[in-house]
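The values are calculated or read from the model by the stated rules, or taken from the named source; none is laboratory data. Just so we're clear, the structure is a prediction, and the values are computed from it rather than from any experiment. For neighbour counting, all protein chains shown are included, and Cβ atoms are generated from backbone atoms with ideal geometry for every residue, glycine included.
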Amino acid sequence: MLMRRVIPCLDTRDGRVVKGVRFRELRDAGAPVELAARYADQGADEVVLLDVSATPEGRGNALATVRAVRRVLSIPLTVGGGVRNVDDAERLLSAGADKVGVNSAAVERPELLTELAERFGRQCVTLAVDALGGGSDWEVVTRSGTTRTGRRVLDWIRAGCAHGAGEILLTSIDRDGTRAGYDLELIAAVADGVAVPVVASGGGATVAHLTAALSAGADAVLAASMFHEGEFTVADVKRELAHAGVAVRR
Amino acid sequence: MKVAIVNTGIGNTASLLVACARLGVTAELTERPETIRAASFVILPGVGAFGPGMAKLRETGLDEAIVERAAADRPLLGICLGLQLMACESAEAPGVPGLGLLEAVVVPFRARVRVPQLGWNRVTSDPRAQLVVEGDAYFANSYHLDQVPAGMTGAWSTHEIPFVAAIERGALLGCQFHPELSGAWGAALLQRWFDRC
């Protein structure tokens, strides 16, 4: 049986891991290679590296970061941030990514998903979607949460899958960095609405939050602060998830 | 020891190169049939699609070099799409013949489960297996072999239905999962393949 994944996320800027609240107020949280190696040792199922650099220089550093992280990981590595075309994706894959995350560029030009899926296979293509709102109505926002698109989240995700997305990385902007738990209604709506795996992100701070997201239908849970701040190891989290009856790799 | 990794031209072989380096094994990417013939070990990786994958092997003449190796029982490892390319044909590209090394065809997962299958799944091994032991492996696939070819030993996983996770016979190993991404268990499998072949 396919197990549920626990995925530490490294938001990196200019070669350092940073963490903010609702994509703002970024604080330094360490060196990506050290954190990636530590989480892999603790039993992480995958590592996600999101480059939030704002400048071309930062993007250059990001490739070096991917190479360095790859060298210490024998588990999957997903890399996103600033992927605008097939060449960008190829550079990340060559540097050591196993999957590539795309967000804003796919919203602006959905054919990008098709081009990536045709070249690399859809299992390489993770569509990152940032959802703004709550209740049962969510709007897609892009460019690190700064641009509203007017598109409904479920409509966009269904279209994205039709274009070639092989996985959804679903982030609630309202919950991101708040430690208030995942948006369970959002997760349930998306998990029911598509066939591809759904990774829940935004707000996870306790094992109860992770368990709730997985119960709501997420195939994987992504978290950052709860691991960076040393409150929980990945091993602690997986032991407790297993105790709660969730199938995880031990 | 010289390991040749078939260059799929897709640029996603970094994790495999790193995995070999971590085991102290020198590996190189190649598109040359003579390198495939000369290498001690050959790995046919694969991400991408069956049709373009076979077209690439045929246009470079790598298909014949790979078939010759298999016929001579020389070490050959197919990973994910690389395993599927060894089959006779695939539902992913109807009408495109595969390498035909395995008496099997490639079929899709049914629509009721998450597709692609992305994540870790338990592999249960046949007691007669020399290489694949029980453990957790990382999969990234929408298709799988329909059966374990006659005369080979299989390993299985379950994604709603049981499916072929790996096949082996002597120096020939095919993994539907990614050993290079399957942590210590995957590294140990690669090590056994290098050691025993």
Can you find even one residue in the range B:111-133 that is at pLDDT below 95, acidic (Asp, Glu) and farther than 19 Å from A:Glu46 by Cα? yes
For the range B:135-149, indicate whether the set of residues that are under 21 Å from A:Leu2 (Cβ atoms), in contact with a helix residue (DSSP H, G or I) (Cβ under 9 Å, 6 or more places away or on another chain) and assigned to a loop (DSSP other than H, G, I, E, B) is non-empty. yes
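Buried (at least 18 other Cβ atoms within 10 Å of the Cβ), within 10 Å of chain B (Cβ to nearest Cβ) and either in contact (Cβ under 8 Å) with a residue 60 or more places away in the chain or assigned to a loop (DSSP other than H, G, I, E, B) (or both), is that true of A:Asp11? It would help to see each step written out before you state the result.
Details: buried (at least 18 other Cβ atoms within 10 Å of the Cβ): yes; within 10 Å of chain B (Cβ to nearest Cβ): no; either in contact (Cβ under 8 Å) with a residue 60 or more places away in the chain or assigned to a loop (DSSP other than H, G, I, E, B) (or both): yes.
The answer is no for A:Asp11.
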What number goes with the only condition from (1) in contact (Cβ under 8 Å) with a residue 40 or more places away in the chain; (2) surrounded by 19 or more Cβ atoms within 10 Å (Cβ to Cβ); (3) not in a strand (DSSP E or B) that A:Ala159 does not pass? (2)
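Please find, within the range B:85-97, the residue that is farthest from B:Leu173 (Cα to Cα) out of those that are surrounded by 22 or more Cβ atoms within 10 Å (Cβ to Cβ) and within 14 Å of chain A (Cβ to nearest Cβ).
Step one: of the range B:85-97, the residues surrounded by 22 or more Cβ atoms within 10 Å (Cβ to Cβ) are B:85-87, B:90.
Of the ones still in play, those that are also within 14 Å of chain A (Cβ to nearest Cβ) are B:85, B:90.
Numbers: B:Leu85: 13, B:Ser90: 19 Å.
Looking at the filtered set, the residue picked out is B:Ser90.
If you check B:Ala155, B:Ala140, B:Ala188, which single one turns out to be touching a His at 6+ places or on another chain (Cβ under 8 Å) and either over 16 Å from B:Phe41 (Cα atoms) or surrounded by fewer than 24 Cβ atoms within 10 Å (Cβ to Cβ) (or both)? Give the steps one after another, and end with the answer.
Details: B:Ala155 fails: touching a His at 6+ places or on another chain (Cβ under 8 Å); B:Ala188 fails: touching a His at 6+ places or on another chain (Cβ under 8 Å).
When all the criteria are applied, what remains is B:Ala140.
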Inside the range B:113-131, the number of residues satisfying the requirement of being touching a residue at least 40 places away in the same chain (Cβ under 8 Å), outside any strand (DSSP E or B) and more than 11 Å from chain A (Cβ to nearest Cβ) is 2
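Specify which of the listed residues (A:Gly202, A:Gly193) is surrounded by fewer than 18 Cβ atoms within 10 Å (Cβ to Cβ) and not hydroxyl-bearing (Ser, Thr, Tyr). Spell out the reasoning first.
Working: A:Gly202 fails: surrounded by fewer than 18 Cβ atoms within 10 Å (Cβ to Cβ).
The unique qualifying residue is A:Gly193.
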Positions within the range A:138-156 being surrounded by fewer than 14 Cβ atoms within 10 Å (Cβ to Cβ) and of a type outside the set (Lys, Arg), in sequence order: A:Thr146, A:Thr147, A:Gly150, A:Asp155
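Going through the range B:8-31 one residue at a time, which ones are without any contact (Cβ under 8 Å) to a residue 12 or more places away in the chain and more than 9 Å from chain A (Cβ to nearest Cβ)?
First pass over the range B:8-31, keeping only residues without any contact (Cβ under 8 Å) to a residue 12 or more places away in the chain: B:11, B:14, B:21, B:24.
The one that is without any contact (Cβ under 8 Å) to a residue 12 or more places away in the chain and more than 9 Å from chain A (Cβ to nearest Cβ): B:Gly24.
Conditions tested, residue by residue: (1) assigned to a helix (DSSP H, G or I); (2) surrounded by fewer than 24 Cβ atoms within 10 Å (Cβ to Cβ).
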| position | (1), (2) |
| --- | --- |
| A:Glu185 | yes, yes |
| A:Ala212 | yes, yes |
| A:Leu222 | no, no |
| A:Val237 | yes, no |
| A:Glu240 | yes, yes |
| A:Val246 | no, yes |
Among the numbered conditions (1) of a type outside the set (Ser, Thr, Tyr); (2) closer than 27 Å to B:Cys197 by Cα; (3) within 14 Å of chain A (Cβ to nearest Cβ), tell me where B:Gly100 comes up short. (3)
